[in-house]
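The values are calculated or read from the model by the stated rules, or taken from the named source; none is laboratory data. Keep in mind the model is a prediction, meaning the values are calculated, not measured. As a convention, Cβ positions derive from the backbone with ideal geometry for all residues, glycine included, and neighbour counts pool all protein chains shown.
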Amino acid sequence: MRTVLIEPTENPKVMKFVADYNLIPGSLELDRNSDISEIPLAQELFNYPFVERVFITANFVAVAKQDTIEWEHVAESLKNVIEDELLANPRIYLQKKKEMYQIYSEMTPNPNVMKFVSSKLLMEGFVEVKSKEAAADVPLAEAIFNEFDFATEVFISDNFVAVTKNHSVEWHEVMITVRALIADYLQNGGEISKIEPHKHENPVEKILNRDYTEDEQKISDILNEYVAPAVENDGGKISLMEYDQSSKTAKMLLQGACSGCPSSTATLKNGIENILKQFVPDLVERVEAVNG
């Protein structure tokens, strides 16, 4: 409990409320036109219509009142308010809490890929880092590669980080450690990426960002509506890369957890191919996977 003493001053309009520690370096002089958005104590005091000014320095708060009110009627109430506010914010200013990132791990269909899901959005879009050497512009990925020799790829999208490992370890051996590193990195304000998501200048991106033909757009729309949500839930991304009208073949680019996944081919053949045949039977007969 913070103890505050009431101490009169030579000015009958001003009363000092003295704390048992130094409140702030320097001083604050506030009136009803001051910006008090970050000063909860001042907000509470100015809720009293008779309070004209608040002065805070060293170990005390001085309050100036209107002449229409007597101190004997209000001093004790103000003392209680000041004690409560000093207990909540000992340094006067609002103590902004660090943004808390809750991270949980989630398996994906690819046994080599683990998805680490954040309670907060990490980025709008995605970045994919295929090796440690390529991680310089994605500090979060670089931190993962530097700490874990078994990490081979990092895929960051929306609210998750998908990490691909090699065969030297099993996820049950390292999952908790990886999750802790990602959580600590984000909690300490670490930069996620220096590059804009989806802005990689490479041939694949140029193909994906081209204007689709009418047929390609129909296929892409079906993918986005019926396939993409499930794939993204598994830590991956799927995009229509190429469409051959003569053979009615749609080539899909697989990224993130989908890339290199043993079950990707089966998923495409048994799932996506069937969906496309059902919705656009005149356009698609075959689906092929291209690992990103």
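Would it be correct to say that S105 is among the hydroxyl-bearing types (S, T, Y) and within 18 Å of the chain's Cα centre (by Cα)?
yes
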Q: Scan region 216-250 for residues that are closer than 20 Å to T108 by Cα and touching a residue at least 60 places away in the same chain (Cβ under 8 Å) and report the count.
A: 5
Q | Flag if L86 is surrounded by 12 or more Cβ atoms within 10 Å (Cβ to Cβ) and of a type in the set (A, V, I, L, M, F, W, C) | A | yes
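Name the residue that is modelled with the lowest pLDDT, counting only residues in region 154-172 that are under 18 Å from the mean Cα position of the chain (by Cα) and surrounded by fewer than 20 Cβ atoms within 10 Å (Cβ to Cβ). Give the derivation first.
In the first step, residues of region 154-172 are kept if they are under 18 Å from the mean Cα position of the chain (by Cα); the result is 154-163.
If we keep only those that are surrounded by fewer than 20 Cβ atoms within 10 Å (Cβ to Cβ) too, we end up with 158-159.
Numbers: D158: 87, N159: 90.
Ranking the qualifying residues of region 154-172, first place goes to D158.
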Q) For region 188-218, which residues satisfy the criterion of being part of a helix (DSSP H, G or I) and at pLDDT below 60? A) P203, V204, E205, K206, I207, L208
Q: Identify the residue in region 1-24 that is modelled with pLDDT under 85 and hydrophobic (A, V, I, L, M, F, W, C) and, among all such residues, is surrounded by the most Cβ atoms within 10 Å (Cβ to Cβ).
A: I24
Q.
I'd like the residue in region 26-53 that is within 17 Å of L78 (Cβ to Cβ) and surrounded by fewer than 12 Cβ atoms within 10 Å (Cβ to Cβ) and, out of all such residues, is nearest to the chain's Cα centre (by Cα).
A. N47
Q | Members of region 108-129 found to be surrounded by fewer than 16 Cβ atoms within 10 Å (Cβ to Cβ) and more than 13 Å from the chain's Cα centre (by Cα), listed by number | A | P111
Q. Would it be correct to say that E38 is farther than 17 Å from E70 by Cβ, acidic (D, E) and not in a loop (DSSP other than H, G, I, E, B)?
A. no
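Whether any residue in region 272-287 is within 30 Å of K165 (Cβ to Cβ) and either modelled with pLDDT under 75 or among the hydroxyl-bearing types (S, T, Y) (or both) is what I want to check. Steps first, answer last, please.
Step one: filter region 272-287 for residues within 30 Å of K165 (Cβ to Cβ), giving 272-273, 287.
Right, trim to either modelled with pLDDT under 75 or among the hydroxyl-bearing types (S, T, Y) (or both) and you get none.
No, there is no match, as no residue in region 272-287 is within 30 Å of K165 (Cβ to Cβ) and either modelled with pLDDT under 75 or among the hydroxyl-bearing types (S, T, Y) (or both).
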Q | All positions within region 75-95 that are in contact with a strand residue (DSSP E or B) (Cβ under 8 Å, 6 or more places away or on another chain) and modelled with pLDDT of 90 or more | A | A75, E76, L78, K79, I82
Q | region 57-76, subset surrounded by fewer than 16 Cβ atoms within 10 Å (Cβ to Cβ) and more than 23 Å from I24 (Cβ to Cβ), residue nearest to the chain's Cα centre (by Cα) | A | E76
Q. Can you spot a residue in region 79-101 that is within 30 Å of D184 (Cβ to Cβ) and in contact with a Ser or Thr (Cβ under 6 Å, 6 or more places away or on another chain)?
A. yes
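With of a type in the set (G, A, S), touching a strand residue (DSSP E or B) at 6+ places or on another chain (Cβ under 7 Å), surrounded by 16 or more Cβ atoms within 10 Å (Cβ to Cβ) and at pLDDT 90 or above as the only criterion, which of A143, A151 stands out?
On the way: A143 fails: touching a strand residue (DSSP E or B) at 6+ places or on another chain (Cβ under 7 Å).
Testing whether each residue is of a type in the set (G, A, S), touching a strand residue (DSSP E or B) at 6+ places or on another chain (Cβ under 7 Å), surrounded by 16 or more Cβ atoms within 10 Å (Cβ to Cβ) and at pLDDT 90 or above leaves just A151.
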Q. Which of the residues that make up region 219-256 are out of contact with any Phe, Trp or Tyr (no Cβ under 7 Å at 6 or more places or on another chain), among the small types (G, A, S), under 21 Å from F126 (Cα atoms) and not in a strand (DSSP E or B)?
A. A228, A230
